[in-house]
Amino acid sequence: MTDALGMTLLTLEVGLASLAVSLVPGLFLAWVLARRRFRGRALLQTLVGLPLVLPPVAVGLGLLLLLGRRGPVGSALHRWFGWDLLFTWQAAAIASSVMAFPLLVRSAQHAFAEVPERLEQVASALGSGPWRVFFTVSLPLARRGIVYGVVLSFARGLGEFGATNLVAGSIPGRTETLALGIYARIQSGQEPAALGLAAISVLLAFAATYASELYLSGPSRR
Amino acid sequence: MTSGPSPRAVDRRAPVEKAPNPKPVGATAPSHGPVLVSGASSLREVLTALAARYEESHAGVSVTLNFGPSNVLARQIVELAPVDLFVSADGASMDAVEKQGRVLPGTRVDLLSNSLVVVVPSDAADPVRSWNDLASSRIRRIAVCDASVPIGGYARTWLASKGLLARLSGRMVRPDDARATLAMVESGSVDAGFVYKTDARAARRSRVAFEIPSGETPGIIYPAAVMARGPNPGGGKSFLDFATTSHGIRLFSGAGFVVLENPPPKTTRGGP
């Protein structure tokens, strides 16, 4: 069924895009929250975790107000680039990345916090600059938690529904991801089709998780 | 086009940047650019079929459909989502959109009507035959959507008029919309639920217990209007006109909707 294939590819596209958008800022924030003490740290921590505790549709409404042509971001993008974000797969990706962000940051943050600071200090004392320390000490030692966070946020992004629905609409062929497609088919009483799409969702999540397990349980002692 | 001079009068008033004047059906070039229609969830199948028919008779034109609860669709439109035509399941959502200046003047019509029915699982032991039965103890759980959703509003108003709203509120479950309600009833997780008559036609493991007479509910009206701030109001108008032709009427009636008398789009407001 080409319908299903199209929907799967769209969902993967949205999921990967949302991951790409959140990866660098997410890891950066995770490291800052793990390693630095500063005023407002608790506030930042709370803000980062907010999408996790808010109902997705509330986040979606906030994004709608921001990204619509009336909103601050939407009107600026429209004025400068002629972009209209609502009802596009990019909006879906943004919604997904916002919803999945806390999962990435929290997992990575714990992972960075677990890296013995002493090792980083030693590397630094031996002459490595901060970036070198990050890439050769912190990141590799934290990779379990980071991979876990990446897979978790990717899977969350794949299944994102409430926020995506509001800013991207549910447009078959354009923004109807697997999650929205399942919902639509349940609504029309097409249960076999809905189950088929659900099976694909399970397969995708399974594949992502299994791949990460293989990577993490590979030879790790160096 | 289908309804005489009115569309052209509207086109002249509306700044239609991308859509050229609609050509007669059957012309070789696409008569207008792509159209995006936001429709209430209960119109999913019928609008999909209508869009397919429209694309068949208007070569090269693509109709994109966006479905959801009417209040969500209205919210998107208010935030300037690129919608050309909005078909809502209640007047309130259309009013909200109109109040924000999104409606192209003169294009709002009351397109369809529907009926409210109470459905029960097919294997329900004791039949529910009328509204009195709803209050009985064998109805332990009843699915009624929230008042913010059109069907929830209609159902609750009717229940209140029968003095049942307060009595049943402790037994109510709130699904997201009519389709979710139907799914709940079909799965047997509730003993009864309020859905549209048109939704009940898709029922397999549930049946209609009774229909609420149209006189007892506020009119269930599906208004449709062209959106002024959409990218292609001309195309939206063209699709709306198509919906009121015999093609549209046949599809809507076939799905169980009551097609309201189709007044020609009002062009009385403003000048040319």
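No lab work stands behind these numbers, since they all come straight from the coordinates. Small disclaimer: the values here were computed from a predicted structure and weren't measured. Note that each Cβ is placed from the backbone with ideal geometry, even for glycine, and that neighbours are counted across all protein chains shown.
One table, with the values for the structure above:
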{"quantity": "Peptide B:54-65, shielding by other chains (average Cβ, 10 Å cutoff)", "calculated": "1"}
{"quantity": "Sorted peptide list for B:95-108, B:141-154, criterion being average Cβ within 10 angstrom, highest first", "calculated": "B:141-154, B:95-108"}
{"quantity": "Long-range HN-HN contacts of A:L85 with modeled amide H, under 5 Å", "calculated": "none"}
{"quantity": "Cα pair distances exceeding 25 angstrom across chain A, given as percent", "calculated": "47"}
{"quantity": "Label-zone membership for region A:162-186, site B:E55, 7 angstrom Cα→C-beta point, backbone N under 17 Å", "calculated": "A:170-177"}
{"quantity": "Cα gyration tensor category, rounded, prolate or oblate, for region B:33-118 with a/c compared to 1.5", "calculated": "oblate"}
{"quantity": "Equivalent ellipsoid semi-axes, region A:104-199, via Cα gyration tensor eigenvalues times 5, rooted, Å", "calculated": "44, 12, 9"}
{"quantity": "Potential lengthening between A:E191 and A:L50 on full extension [0.36 nm per residue; Cα-Cα distance subtracted]", "calculated": "47.3 nm"}
{"quantity": "Extension gain, A:Q121 back to A:D3 (0.36 nm per residue minus Cα-Cα distance, nm)", "calculated": "37.1 nm"}
{"quantity": "Where a label projected 7 Å from the Cα of B:S187 along Cα→Cβ would reach, residues of region A:177-192 with amide N under 15 Å", "calculated": "A:182-192"}
{"quantity": "Cα→Cβ-extended label distance, 7 Å offset, between A:L16 and A:S217, nm", "calculated": "2.7"}
{"quantity": "MRE, 222 nm, helices only [DSSP H, n ≥ 4, -39500 (n - 2.57), over the protein assembly as shown, to nearest 500]", "calculated": "-16500 deg cm²/dmol"}
{"quantity": "Peptide A:185-196, shielding by other chains (average Cβ, 10 Å cutoff)", "calculated": "3"}
{"quantity": "In nm, spacing of pseudo-spin labels at A:R143 and A:V24 (7 Å Cα→C-beta vector)", "calculated": "2.2"}
{"quantity": "Rg/Rg_globular for region B:129-272, with Rg_globular taken as 2.2 N^0.38 Å and Rg from C-alpha atoms", "calculated": "1.28"}
{"quantity": "Label-point separation, A:T136 to B:R204 (7 Å along Cα→Cβ), nm", "calculated": "6.3"}
{"quantity": "Sequence-distant residues sharing a close amide H with B:T64 (under 5 Å, placed H)", "calculated": "B:V35, B:L36, B:V37"}
{"quantity": "For region B:69-112, average projected area of the Cα convex hull in nm²", "calculated": "2.8"}
{"quantity": "Förster radius 45 Å - calculated FRET efficiency between B:E211 and A:L203 (Cβ-Cβ, nearest 0.05)", "calculated": "0.55"}
{"quantity": "Neighbour-count order for A:T88, A:T11, A:T209, fewest beta carbons within 10 angstrom listed first", "calculated": "A:T209, A:T88, A:T11"}
{"quantity": "Exercise: per-residue mean of other protein chain Cβ atoms within 10 Å, B:75-85", "calculated": "6"}
{"quantity": "Lysine pairs meeting the criterion (Cα under 22 Å, 8 or more apart or interchain), as found in the protein assembly as shown", "calculated": "7"}
{"quantity": "Charge tally in the Cβ shell below 12 Å around A:A193, where Lys, Arg are +1 and Asp, Glu are -1, A:A193 excluded", "calculated": "-1"}
{"quantity": "Kirkwood-based shape ratio for the protein assembly as shown, expressed as Rg/Rh from alpha carbons", "calculated": "1.05"}
{"quantity": "Ranked by how many other beta carbons lie within 10 Å on average, peptides A:74-83, B:177-186, B:60-69 from highest", "calculated": "B:177-186, B:60-69, A:74-83"}
